[in-house]
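> There's a structure below that I have some questions on.
The values are calculated or read from the model by the stated rules, or taken from the named source; none is laboratory data. Note that the structure is predicted; figures quoted are calculated from it, not measured. We place every Cβ from the backbone using ideal geometry, glycine too, and count neighbours over all the protein chains shown. Keep in mind that these areas ignore ligands, DNA and RNA; they rest on the heavy atoms of the full protein, side chains included. Shrake-Rupley method; radii C 1.70, N 1.55, O 1.52, S 1.80 Å.
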Amino acid sequence: MGIIRNRNLISRIKQQDNRVYVPADARDNQYIIAELVINDNLIAQLSDKTLNPTPKELLSLLLNKVRRVIDQHDIAFVALVASNKFIRVRYGVDNEINTTQEQHIVYYNPEKSKGVIGICPEGTESLKSIRLVCFATGKNLRENAALFHQKVVNLVSEIKQSFNFIDGIKLQDHQHISFSLEKHSSATQSKAHGFRVIEKRYESSGLMLPEQRNSKAFIVVKANFSELLNEKVLSQNYEVSQMHAEISHLLIQLAQEVGINHLAYVASNRYPVVKSNFVTGSANQKGELVSLNFGNTEHEVIQIIEDEYTNSAAHIVFYMPESTSVKFGYAVYINKVIKLLDKLGQKLQLTEHDQAMLLRFYQHFSYKA
């Protein structure tokens, strides 16, 4: 009987590892970007051939053409972006778009956001493409992700036929879920997530994706070590960058002990953008964004700690090569990350305030439609 009980216990532990218990108030979002390449053929169909429309005029012409098409496909919130800037999406109580030198930060509420809007910053002179951004709305976004993807595919197919696009239109499907690690440990109401690979989720809903596609999954943790900073920097002759370096070294050491081999620690005013390509490391660039380039290598650790950075906040990034996904999905890996961060907090003797990190799990894939 003892052996049977032990086997049952091991089985239950494995089942728990294959699920992440996420707080009930965790936030989902999904948005799909269709990149409409601008060429003479598109301009000729939108405008008099004798005209040379500005980006703003081109956007206005395209909005008038596609608004009716969008209405027919039951997609409640759409943005047409006539800009080469990076698009970042976050939850917001109301619709809000903050445009900076390098980004459009779009805040939307899946339960409230509606409409078709155009975005073209003042001073935009040249465009490579106009991006059609379709935002998932309603409830149960993750469960309905495949259905929403199919709606966007149908919309893009009609737009492609309407404008005689010869080249394929690149589709990028972005899905995020975010939750507080403080609530994860203390939540009485939670939902079990297996965090299956998107392709598997879509297949179970009857949607097959093209074989030629690029996929990536990663975690970005927003940490704020403000009380640790107060303790170390304000009470001692201590540099902020030194604190971040010590945290980073400890994190890397703990990660190696549990077999997490692809991560980055970013203490910078620049926001990390995760990419997967053959060139690994971080792009040495100035501005608002910093590229973290991960490949399918066995080990990749990136540290960006800027000497002039005086903030207590940092981004900790965990990249997931294809090998980290098992048949159950990413849950095993995500649980490993959560335990690692908990152990980091214990080693640093973090207060409850500093342990209240925000974890975002990202799944992206793209292909030509």
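> Take region 109-130 and flag every residue that is under 18 Å from Y91 (Cα atoms) and either acidic (D, E) or open to solvent by less than 20 Å² (accessible area, probe 1.4 Å) (or both).
Once the filter is applied, which keeps residues that are under 18 Å from Y91 (Cα atoms) and either acidic (D, E) or open to solvent by less than 20 Å² (accessible area, probe 1.4 Å) (or both), region 109-130 yields N109, P110, E111, S113.
> Let me ask you something else. Sort through Q45, Q16, Q72 and tell me the only one that's over 21 Å from the mean Cα position of the chain (by Cα), open to solvent by 30 Å² or more (accessible area, probe 1.4 Å) and modelled with pLDDT of 90 or more.
None of the others qualify; the one that does is Q72.
> What are the residue pairs meeting all of these: first residue in region 22-35, first residue more than 24 Å from A79 (Cβ to Cβ), second residue of a type in the set (G, A, S) and assigned to a strand (DSSP E or B), Cβ atoms under 7 Å, and 6 or more apart or on different chains?
Partner pairs satisfying both residue conditions: V22/S190; P23/S180; P23/S190; A24/S190; A26/S178.
> Residues to consider are V197, V106, V133; find the one that is open to solvent by less than 50 Å² (accessible area, probe 1.4 Å) and modelled with pLDDT under 95.
V197
> Step by step: first the residues of region 136-160, then only those that are surrounded by fewer than 19 Cβ atoms within 10 Å (Cβ to Cβ) and polar (S, T, N, Q), then the one that is farthest from N29 (Cα to Cα). Which residue is that?
By that ranking, first place goes to S157.
> Is there a residue in region 67-79 that is touching a helix residue (DSSP H, G or I) at 6+ places or on another chain (Cβ under 6 Å) and within 15 Å of F163 (Cβ to Cβ)?
Within region 67-79, one or more residues are touching a helix residue (DSSP H, G or I) at 6+ places or on another chain (Cβ under 6 Å) and within 15 Å of F163 (Cβ to Cβ).
> Filtering region 332-369 down to residues that are without any contact (Cβ under 8 Å) to a residue 24 or more places away in the chain and of a type in the set (S, T, N, Q), which residue is most open to solvent (accessible area, probe 1.4 Å)?
Q349
> For the condition of a type outside the set (K, R), open to solvent by 20 Å² or more (accessible area, probe 1.4 Å) and at pLDDT 90 or above, what is the one hit in S178, S190, S186?
S178
> Turning to a different aspect of this structure: When you go through Q103, Q175, Q161, Q189 one by one, which is the residue that is closer than 16 Å to S366 by Cα and polar (S, T, N, Q)? I'd like the intermediate steps shown before the answer.
Values: Q103 fails: closer than 16 Å to S366 by Cα; Q161 fails: closer than 16 Å to S366 by Cα; Q189 fails: closer than 16 Å to S366 by Cα.
Of Q103, Q175, Q161, Q189, the one residue that is closer than 16 Å to S366 by Cα and polar (S, T, N, Q) is Q175.
> Since F163 meets every condition but one in (1) open to solvent by 50 Å² or more (accessible area, probe 1.4 Å); (2) on the phi < 0 side of the Ramachandran plot, which condition does it not meet?
With (1) open to solvent by 50 Å² or more (accessible area, probe 1.4 Å); (2) on the phi < 0 side of the Ramachandran plot applied to F163, the lone miss is (1).
> Report yes if A313 is among the hydrophobic types (A, V, I, L, M, F, W, C), closer than 22 Å to Q253 by Cβ and open to solvent by less than 30 Å² (accessible area, probe 1.4 Å), otherwise no.
Here the answer is yes, as A313 does meet what is asked.
> Looking at K160 and the list (1) assigned to a strand (DSSP E or B); (2) out of contact with any strand residue (DSSP E or B) (no Cβ under 7 Å at 6 or more places or on another chain); (3) not small (G, A, S), which single condition is not satisfied?
Every condition holds for K160 apart from (1).
> Okay, next question. Take the residues of region 236-270 that are in a loop (DSSP other than H, G, I, E, B) and in contact with a helix residue (DSSP H, G or I) (Cβ under 9 Å, 6 or more places away or on another chain): which is least open to solvent (accessible area, probe 1.4 Å)? I'd like the intermediate steps shown before the answer.
Initially, region 236-270 is screened for residues in a loop (DSSP other than H, G, I, E, B), giving 236-239, 258-261, 268-270.
Retained after the next criterion (residues that are in contact with a helix residue (DSSP H, G or I) (Cβ under 9 Å, 6 or more places away or on another chain)): 238-239, 258-261.
Numbers: Y238: 28, E239: 115, V258: 61, G259: 40, I260: 1, N261: 52 Å².
Checking each candidate, the answer is I260.
> Let me ask another. Can you pull out every residue in region 200-231 that is open to solvent by 50 Å² or more (accessible area, probe 1.4 Å) and within 13 Å of D354 (Cβ to Cβ)?
Of everything in region 200-231, those that are open to solvent by 50 Å² or more (accessible area, probe 1.4 Å) and within 13 Å of D354 (Cβ to Cβ) turn out to be K222, N224, E227, N230, E231.
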